[in-house]
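Visitor: Pasting a structure here, questions to come.
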Amino acid sequence: MSTAESAGFVVVGASLAGLRGAEALRRNGYAGRLTIVGDEPHRPYDRPPLSKHVLSGALTPDATALPELFALEADWRLGHGAVALERDAHRIRLADGAVLAYERLLVATGAQARPWPVPSGGGLAGIFTLRGRDDAARLRTALAEGPRRVLIVGAGLIGCEAASCCRDLGLPVTLVDPNPTPLARSLGTWVGGVIADCLRDAGVAFRPGAQVLRFEGDPAGRVVRAHLADRNVVEADLVIVALGATRATEWLSGAGLMADSRGVTCDGACRVLTTDGTPCPDIYAAGDVARWPNPLYGGRLMAVEHWGNAVAQSAHAARNMLAPAEDQKAYRHLPAFWSSQFGINIKAVGLTEGADSVAIVQGSRSSHRFLAVYGRAGRSIGAVSFDQARWLPAYAEAIEAGQAFPPIRDASDQGELLSRAPAFPPPRADSHPIEARHG
Ligand SMILES: Cc1cc2nc3c(=O)[nH]c(=O)nc-3n(C[C@H](O)[C@H](O)[C@H](O)COP(=O)(O)OP(=O)(O)OC[C@H]3O[C@@H](n4cnc5c(N)ncnc54)[C@H](O)[C@@H]3O)c2cc1C
C-alpha cells in the first residue's frame, strides 16, 4: 500500500470555487499546508467568456486566467484528478497514483457538459460540447475554418450565446430546442420570446419544438446532417451540443456520501452528508457540484450553477472549515446570473421556476430593453433585466425579503404593468426539483 503524503487542507477542483475557496482559507487565517488538485492542466480560468469572447475570437483561451486575489502558497497538483475518496482513512487518490491525506477537504469539482450519446452519432468528428478552455479552443479553431452550417442543439444560455457568436462571425446557424422559445426553462416563454425575436433578427434559423434524434456522418466519420424527430433533416458540418451539465461526482462513488449526477448533498453549513444523512465534520462542498438546503427558500435543497454562487459559497464553506462546529453558519443565497447575447446584457436574480405571472416594470418588451419581475402566489420571486439593470439590486432586495408581486411601484421611470403567465416547460426527468443552470 502506498503511503499518503500529509497535505493539510485539500481542495479538489482547481477552478472558480476551488480558487476562491482556497483564497478564503488563507484570508481567514489558515496557515497550514494547502493542496489544490485539478484534473485539467491549467491554473484556474474563467468560464463565462468561453461562450462569448473566446468563441467570437475577441479573447484567446489563455486570456481567461483568473487572477489570484490573495497569496495562496499552495501546492498545485494539476493534470491528474482525484479518482477516489477513502473517507475512513482521510485520504484521496489521484489519477497518477499519488495518495494525499487531508485534514479537511473542500469538494469543488463542478460539472461537466452533457455529451451527445455515442450510439446516436456522438462520436462523429465535428460535434462539440463547451465546458472548458480546451473545448473552447477547439471549437474556436473549427469555427474559424468556416463551416458551411452550424447546428446548435439546445437553446439555453450557452446555446444562445454560441448562436450569437456564430452570427457575429457570419456563419449560417440553425438552433433547435424542444421548447417553444429559447431560455424557456430559466426565464419562461414570455421573456424567452424576446430572445426568439433576437435570434430571428440576427438570421438564426430557430426551430422551436424540434428534437434531434441522431447525427449522420460521411465515410470519413465527420458529421454531415442531423435527423429530427419530426422527420426533417438539418444539413450541418459543425454541431454544438448545449444540453446542460452533470455534476462531477464519479470520483466520490463508493465513499458513502450522498453524491450522484445531481451533485453532492450538503447540510446548510456546506458539510457533505453521508448516505445516512450525517454531516461529515471534515468534508465540505461548494460551487456547481454542491446542493444544499437554502434557508432563503425554506431550507429546500438546491443546486446553483452560476458564477456568483461559486464565489460566495466557496468563501462561506472555507470560513466554516476553519470555525468550531457551533459557529458554522448556514449558507443563504439568492441565485443570480448574467448573460450577453445579440448585443443585449441580460441579468437575472431569484428563481423563476413555478412563476404564475410576470410584469414588465420598466421599459418595454418591444424595445428589447426592460426589467421584468416574476411572481408566484402573490410574492415576487425573480427579476430579469435586458439592458436595464439599474434597478435590479432593489428588486433583488425585494425578492429576498419576499415582498408582494409586483414590488416597488413608485420607481420614477416605471412603465406600464402587465401580467401574463410566463409558462415554464415541465422539468426534465433527470433534473432536481430546484436547479439554476447555466447550460
Ligand atoms: C461556457 C460557460 C459559460 C458560462 N457563462 C456564465 C455566465 O455568463 N454567467 C454566470 O453566472 N455563469 C456562467 N457560467 C457558469 C459558471 O462558469 C460556473 O457556475 C462556475 O464555473 C462554477 O465554478 P466551479 O468551480 O464550481 O465549477 P467548475 O468551473 O466546473 O470547475 C470544476 C473544476 O473541477 C475539475 N474537476 C472535476 N472533477 C475533478 C476531479 N475528480 N479531480 C480534480 N478536478 C476535477 C474540473 O475539470 C474543473 O476544472 C458559465 C459556464 C460555462 C461552462
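Visitor: Could you please find all residues in the stretch 47-64 being free of Cβ contacts under 8 Å to residues at least 24 places away in the same chain and within 14 Å of the ligand (Cβ to nearest atom)?
Guide: PRO49, HIS53, LEU59
Visitor: Let me ask another. Could you name every one of the strands (runs of 3 or more DSSP E) located completely within the stretch 218-319 that has at least 3 residues being at negative phi and open to solvent by 10 Å² or more (accessible area, probe 1.4 Å)? Even if it seems obvious, please write down each step before you answer.
Guide: Numbers: elements: 223-228, 233-235, 238-241, 245-247, 263-265, 271-273, 279-285, 290-294, 300-304.
Strands (runs of 3 or more DSSP E) meeting the threshold: 223-228, 279-285.
Visitor: Are there any pairs, at least 6 apart or on different chains, whose C-beta atoms fall under 7 Å, with the first in the stretch 145-172 and assigned by TED's automatic domain parsing to the domain that holds ARG185 and among the charged types (D, E, K, R) and the second buried (at least 24 other Cβ atoms within 10 Å of the Cβ) and in a loop (DSSP other than H, G, I, E, B), and if so, which?
Guide: Short answer, once both residue conditions are applied: ARG149/ALA236; ARG167/VAL204.
Visitor: Inside the stretch 320-342, can you point out the residues that are hydroxyl-bearing (Ser, Thr, Tyr), part of a loop (DSSP other than H, G, I, E, B) and open to solvent by 40 Å² or more (accessible area, probe 1.4 Å)? Before you say what the answer is, go through the steps one by one.
Guide: At the first step, the residues of the stretch 320-342 found to be hydroxyl-bearing (Ser, Thr, Tyr) are 331, 339-340.
Checking which are part of a loop (DSSP other than H, G, I, E, B) leaves us with 331.
Matches in the stretch 320-342: none.
Visitor: Then there is this: Here are THR174, THR181, THR189: which of them is of a type in the set (Ser, Thr, Tyr) and assigned to a helix (DSSP H, G or I)? I'd like the intermediate steps shown before the answer.
Guide: Numbers: THR174 fails: assigned to a helix (DSSP H, G or I); THR181 fails: assigned to a helix (DSSP H, G or I).
Selected residue: THR189, the only one of THR174, THR181, THR189 that is of a type in the set (Ser, Thr, Tyr) and assigned to a helix (DSSP H, G or I).
Visitor: Go through the stretch 370-389 and give me each residue that's surrounded by fewer than 20 Cβ atoms within 10 Å (Cβ to Cβ), touching a residue at least 24 places away in the same chain (Cβ under 8 Å) and more than 17 Å from PRO335 (Cα to Cα).
Guide: Residues of the stretch 370-389 surrounded by fewer than 20 Cβ atoms within 10 Å (Cβ to Cβ): 376-379, 387, 389.
When the remaining residues are screened for being touching a residue at least 24 places away in the same chain (Cβ under 8 Å), the result is 376, 378-379, 387, 389.
GLY378, ASP387 - these are the residues of the stretch 370-389 that are surrounded by fewer than 20 Cβ atoms within 10 Å (Cβ to Cβ), touching a residue at least 24 places away in the same chain (Cβ under 8 Å) and more than 17 Å from PRO335 (Cα to Cα).
Visitor: Consider VAL118 against the criteria (1) closer than 30 Å to GLY156 by Cβ; (2) touching a residue at least 12 places away in the same chain (Cβ under 8 Å): it satisfies all of them except one. Which criterion is unmet?
Guide: (2) is the only condition that VAL118 fails.
Here is a yes/no grid of residues against (1) within 21 Å of the chain's Cα centre (by Cα); (2) modelled with pLDDT of 95 or more; (3) within 13 Å of the ligand (Cβ to nearest atom); (4) farther than 27 Å from GLY254 by Cβ:
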site	(1), (2), (3), (4)
GLY21	yes, yes, yes, no
ARG26	no, yes, no, yes
HIS42	yes, yes, yes, yes
TYR45	yes, yes, yes, yes
LEU66	yes, yes, yes, yes
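Visitor: I'd like the residue in the stretch 6-19 that is buried (at least 22 other Cβ atoms within 10 Å of the Cβ) and more than 6 Å from the ligand (Cβ to nearest atom) and, out of all such residues, is farthest from ALA286 (Cα to Cα). Outline the logic, then answer.
Guide: Step one: of the stretch 6-19, the residues buried (at least 22 other Cβ atoms within 10 Å of the Cβ) are 7, 9-19.
The next check asks that each one be more than 6 Å from the ligand (Cβ to nearest atom); those that pass are 7, 9-11, 19.
On the way: ALA7: 20, PHE9: 15, VAL10: 13, VAL11: 10, LEU19: 11 Å.
Among those that are buried (at least 22 other Cβ atoms within 10 Å of the Cβ) and more than 6 Å from the ligand (Cβ to nearest atom), it is ALA7.
Visitor: Take VAL224 and tell me if it is away from the ligand (no atom under 16 Å from the Cβ) and at pLDDT 95 or above. Please lay out each step first, then the result.
Guide: Numbers: away from the ligand (no atom under 16 Å from the Cβ): yes; at pLDDT 95 or above: yes.
Yes, satisfied.
Visitor: Also, I was wondering about something else. Just a yes or no: is a residue in the stretch 140-148 touching a helix residue (DSSP H, G or I) at 6+ places or on another chain (Cβ under 9 Å) and under 25 Å from ALA245 (Cα atoms)?
Guide: Yes - at least one qualifying residue is present in the stretch 140-148.
Visitor: Still on this structure, please answer the following. Considering only residues that are closer than 17 Å to ARG131 by Cβ, touching a Gly at 6+ places or on another chain (Cβ under 9 Å) and surrounded by 17 or more Cβ atoms within 10 Å (Cβ to Cβ), which ones fall in the stretch 25-50?
Guide: Correct list: GLY38, ASP39, HIS42, PRO44, TYR45, ARG47, LEU50.
Visitor: Does any residue in the stretch 200-220 that is under 19 Å from LEU183 (Cβ atoms) come within less than 9 Å, Cβ to Cβ, of a residue that is open to solvent by 100 Å² or more (accessible area, probe 1.4 Å) six or more places away or on a different chain, and which pairs are these?
Guide: Partner pairs satisfying both residue conditions: ALA202/ASP168; PHE206/ARG200.
Visitor: Now for a different question. Quick one: would you say ALA71 is open to solvent by less than 20 Å² (accessible area, probe 1.4 Å) and modelled with pLDDT under 95? Let's see the steps before the verdict.
Guide: Details: open to solvent by less than 20 Å² (accessible area, probe 1.4 Å): no; modelled with pLDDT under 95: yes.
So ALA71 fails the test.
Visitor: Output the residues belonging to the stretch 129-169 that are open to solvent by 50 Å² or more (accessible area, probe 1.4 Å) and assigned to a helix (DSSP H, G or I). Walk me through it before giving the result.
Guide: Of the residues in the stretch 129-169, the ones open to solvent by 50 Å² or more (accessible area, probe 1.4 Å) are 131, 134, 138, 140-141, 144-145, 148-149, 167-169.
Correct list: ASP134, ARG138, ARG140, THR141, ALA144, ARG167, ASP168.
Visitor: In addition: Taking the condition of being near the ligand (Cβ under 10 Å from one of its atoms), surrounded by fewer than 21 Cβ atoms within 10 Å (Cβ to Cβ) and not small (Gly, Ala, Ser), how many residues in the stretch 96-128 meet it? Quick ask: steps written out before the conclusion?
Guide: Residues of the stretch 96-128 near the ligand (Cβ under 10 Å from one of its atoms): 107-113.
With surrounded by fewer than 21 Cβ atoms within 10 Å (Cβ to Cβ) added as a condition, the list becomes 112-113.
Narrowing further to those that are not small (Gly, Ala, Ser): 112.
Looking only at that region, the number is 1.
The values are calculated or read from the model by the stated rules, or taken from the named source; none is laboratory data. All values reported here derive from a predicted model rather than from experimental measurement. FYI the Cβ positions are ideal-geometry reconstructions off the backbone, even for glycines, and counts take in every protein chain you see. Surface accessibility is based on the protein's heavy atoms, side chains included, excluding ligands, DNA and RNA. Shrake-Rupley method; radii C 1.70, N 1.55, O 1.52, S 1.80 Å.
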